[in-house]
Amino acid sequence: MALHIHDTLRREKRLFVPRDPKRVTLYVCGPTVYDYAHIGNARPPVVFDVLVRLLRKTYGADHVLYARNVTDVDDKINQKAAKEGVAIGEITSRYEAAYLSDMALLNVSPPDLAPHVTEHMNEIIAQIQAIIDAGSAYAAEGHVLFDVASYPSYGALSGRNLDDMIAGARVEVAPYKKNPHDFVLWKPSKPSEPSWPSPWGDGRPGWHIECSAMIEKNLGLPIDIHGGGIDLTFPHHENEIAQGVCAHGHAHADHAHDEYSRYWMHNGFLTVDAEKMSKSIGNVLLLNSLVKAMPGEVVRWALLSAHYRQPLDWNQNLLDQSRKNLDRLYGVLRDADALLGDFDIETLEEAEMELAENALDPVLDALEDDLNTPGAIAQLFALGNALRELINDAEADINDVAMARWSLLEAGYLMGVLSMTSDQWFEGGDSGLKAEVEALLEQRTAARAEKNWGEADRIRDRLNELNVVVMDGPQGATWRVKG
Ligand code: AMP
Ligand code: ZN
């Protein structure tokens, strides 16, 4: 199978054909760095990280160019800085650093490019000027507005028709707008807000223009794939297309939208205990707290357990299942490692490595089918079961065990899991667990020394709850999570 992608614009699954297989380009709208990301915000970077891993495997790591931007100019950033009485740069660098460290814990590989809005003011201003020159934008009262009526395909991505939109208009009607749906490319800043000089007066860019300007500068048009959450389809991505196309005066070209991005992918939304996450309900789960409370791979597995286009409900059962699934696969790896000892994978012959590589095909087939991660997870289990059978078979050839282990790890790599050694997983993978178990073992030693059997029983029960087995040996107690 070859990669097929569900294209939001065409509303169908299509064979993926890059413009240039030596330079496959992907852009995903990244974080606005004004606060800690919530668990929903982690879905796009994790989903698209799997896509990038697949593209790198297919086209070669050097032939994929992945950009994920950082929005460091935004009203919410200004408000946060004012509230804390600190510089804007302090807020943006604090939350960008937090985002990157959370991403690292989720095994999200860094994008090739992370363009920042503050570093692209010249490109943003140049693109706005090009849109004005092409007759698709106008300056009015210190603002520059995109003239939606100038672009006949406006609405193609989100399936909205401008006439219907106007009939049901609920957008802000500013006196300087020709059409209520005209959107801001540039606006004046308030006295306390950051501002940049421009031909239309000092001010700052609207939100949408940053992505089309940074895409054009860093990747070149058209890009192959543009991704983001489903909420970005309208207005953000619709407006990006309008800007990118009209900056080149192609508003009336046939299939004008193809000149911006060849494929569009959008992930579905995440709910928490079947409810929308919202500050007023008080169910906003911060990614930063989650990755402190459990291994990042558990969070990542949970995020990949549903197909990316489907909604995903985040609940305790999902997390318990995800941890159990990983325990099971790491358990197989632990037993394979014990059997293999210091077996050197380099001693396998080329033909054997080819077989090991072929065993990945079902995983690749699932991922190439519009990134079917639940299907790929099922195939990870099939690889785990095959390895388990070899381990249990006393007659099995050790080379076959090594090959099956390699296939499982390689499939895990594509999904961004199984990145630790089994020892790390069962003892240190969950640093919170490790700290608690070790504290309990110390208390247990003290309780036994004091012959406080009630306390020793309480500790044993707690270890049981944590799914931990303790093995008392001559060198003291060792422990592991039940596999
Ligand atoms: P924001 O910071 O709101 O601009 O969101 C950053 C990214 O997270 C965007 O791609 C959003 O579409 C995505 N996103 C926000 N909330 C959720 C959610 N509950 N589920 C899935 N994706 C989300
Ligand atoms: Zn964007």
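Which one, Tyr36, Asn218, Leu390, is farthest towards the positive end of the dipole of the chain when Lys and Arg carry +1 and Asp and Glu -1 on their Cβ?
The residue sitting most towards the positive pole is Tyr36.
Could you give the alpha-carbon Rg of region 383-451 over 2.2 N^0.38 Å, rounded to two decimals?
1.65
What share of Cα pairs, in percent, lie more than 21 angstrom apart in region 245-313?
50 percent
Which helices pass in the chain if a helix is a full DSSP H run, must span at least 15 angstrom along its long axis by Cα, and must have mean Kyte-Doolittle hydropathy not below -0.5?
Going by DSSP H runs, the hits are 43-59, 88-105, 121-133, 208-218, 373-392, 398-415, 431-449.
Of the GluC sites (Glu not before Pro) in region 448-483, which ones lie in a loop per DSSP and count no more than 11 other C-beta atoms within 10 Å?
Of the GluC sites (Glu not before Pro), the ones in loops of region 448-483 whose Cβ has at most 11 other Cβ atoms within 10 Å are Glu450.
Please arrange Ile345, Ile225, Ile88 by counting, for each residue, the other beta carbons lying within 10 Å of its beta carbon, fewest first.
Ile345, Ile88, Ile225
In cubic angstrom, how much convex hull volume per residue do the alpha carbon atoms of region 321-422 span?
For region 321-422, the hull spanned by Cα atoms encloses 93 Å³ per residue.
Just to confirm a number: summing +1 for Lys and Arg and -1 for Asp and Glu over residues other than Asp400 whose beta-carbon lies under 13 angstrom from that of Asp400, what do you get?
Taking every Cβ under 13 Å from that of Asp400, the sum is -4.
If you place +1 on the Cβ of every Lys and Arg and -1 on the Cβ of every Asp and Glu, how big does the dipole about the Cα centre of region 20-275 come out, in debye to the nearest 20?
Dipole about the Cα centre, nearest 20: 300 debye.
Apply the Debye scattering formula to region 237-351, with a single equal point scatterer on each alpha-carbon and no solvent, then give log10 I(q)/I(0) at q = 0.11, 0.18 Å⁻¹.
-0.69, -0.96
Find the relative contact order for region 321-422 and round it to a whole percent, using C-alpha pairs within less than 8 Å whose residues are 6+ positions apart.
38 percent
Considering only Pro194, Pro205, Ala87, whose Cα is most displaced toward the positive end of the charge dipole of region 20-275, charges sitting on Cβ of Lys, Arg (+1) and Asp, Glu (-1)?
Positive-most Cα among the choices belongs to Ala87.
Go ahead and estimate [θ] at 222 nm for the chain from helices alone: -39,500 (n - 2.57) per DSSP H run with n ≥ 4, summed, over the residue count, rounded to 500.
-14000 deg cm²/dmol
If amide hydrogens are placed 1.01 Å from N in the peptide plane, which non-local residues have theirs closer than 5 Å to the one on Ala396?
Amide H to amide H, under 5 Å and 5 or more residues apart or across chains, Ala396 pairs with nothing.
Toward the positive end of the charge dipole of the chain, about the Cα centre and with charges on Cβ (Lys, Arg +1; Asp, Glu -1), which of Tyr27, Met471, Tyr59 goes farthest?
Tyr27
Can you spot the lysines whose alpha carbon is less than 27 Å from Lys57's alpha carbon? Ignore those fewer than 8 places along the same chain.
Lys13, Lys22, Lys217
Which percentage, to the nearest 5, of the DSSP beta bridges contained in the chain is antiparallel?
Within the chain, antiparallel bridges account for around 50 percent of the total.
Taking region 73-119 on its own, what percent of its Cα-Cα pair distances exceed 12 Å?
68 percent
Can you give the charge dipole size of the chain about its Cα centre, rounded to the nearest 20 debye, using +1 on the beta carbon of Lys and Arg and -1 on the beta carbon of Asp and Glu?
With Lys and Arg at +1 and Asp and Glu at -1, about 1600 debye.
Return the Cα extents of region 99-205 along principal axes one, two and three, sorted largest first, each rounded to a whole Å.
Here the spans come out as 47, 36, 27 Å, largest first.
Quick one: what does P(r) look like for region 428-481 with 5 Å bins over all Cα pairs, in whole %?
Computed distribution, short to long bins: 5, 20, 31, 27, 13, 3, 1.
If we count other beta carbons within 10 Å of each Cβ, what is the order of Ser407, Ser101, fewest first?
Ser101, Ser407
Using bins 20 angstrom wide from zero, how does P(r) for the chain break down, in % of all Cα pairs?
Once binned at 20 Å, the Cα pair distances of the chain give 21, 48, 25, 7, 0.
Taking just the C-alpha trace of region 47-144, give me its Rg and Dmax in Å.
Cα radius of gyration and Dmax of region 47-144 are 17.9, 51 Å respectively.
Going highest first, how would you order 215-224, 153-162 by mean Cβ packing within 10 Å?
For the peptides 215-224, 153-162, the packing ranking is 215-224, 153-162.
Just the Kirkwood number for region 273-326, please: inverse of mean 1/r across all distinct Cα pairs, in Å, one decimal.
That comes to 11.9 Å for region 273-326.
Hey, how many Å between the Cα centroid of region 13-86 and the Cα centroid of region 226-296?
Cα centres, region 13-86 to region 226-296: 10 Å.
Report Rg/Rh for region 152-242, rounded to two decimals, where Rg is the Cα radius of gyration and Rh the Kirkwood radius.
Taking Rh as the inverse mean 1/r over Cα pairs, Rg/Rh reads 0.99.
Nearest 20 debye, what's the magnitude of the dipole of region 19-156 about its Cα centre given +1 on Lys and Arg Cβ and -1 on Asp and Glu Cβ?
Computed about the Cα centre, the dipole is about 680 debye.
Assuming R0 = 45 Å, what is the FRET efficiency of Trp196 and Ala449, from their Cβ-Cβ distance, to the nearest 0.05?
That gives a FRET efficiency of 0.05.
For Phe343 and Lys13, calculate 0.36 nm times their separation in residues minus their Cα-Cα distance, and state this gained length in nm to one decimal.
Extra length from Phe343 to Lys13 when fully extended: 114.4 nm.
In what sequence, highest mean first, do 207-214, 332-339 appear when ranked by Cβ atoms within 10 angstrom?
Those peptides, ordered most packed to least, come out 207-214, 332-339.
What is the Rg over Rh value, at two decimals, for region 20-275, using alpha-carbon atoms and the Kirkwood definition of Rh?
Here the Rg-to-Rh quotient is 0.96.
Only the coordinates and a few stated rules stand behind these numbers; no lab work does. Bear in mind that the values here come from a model prediction, so they are computed numbers and not experimental data. Methodologically, a virtual Cβ is constructed for each residue, glycine included, from the backbone with ideal geometry; neighbour enumeration extends over all protein chains shown.
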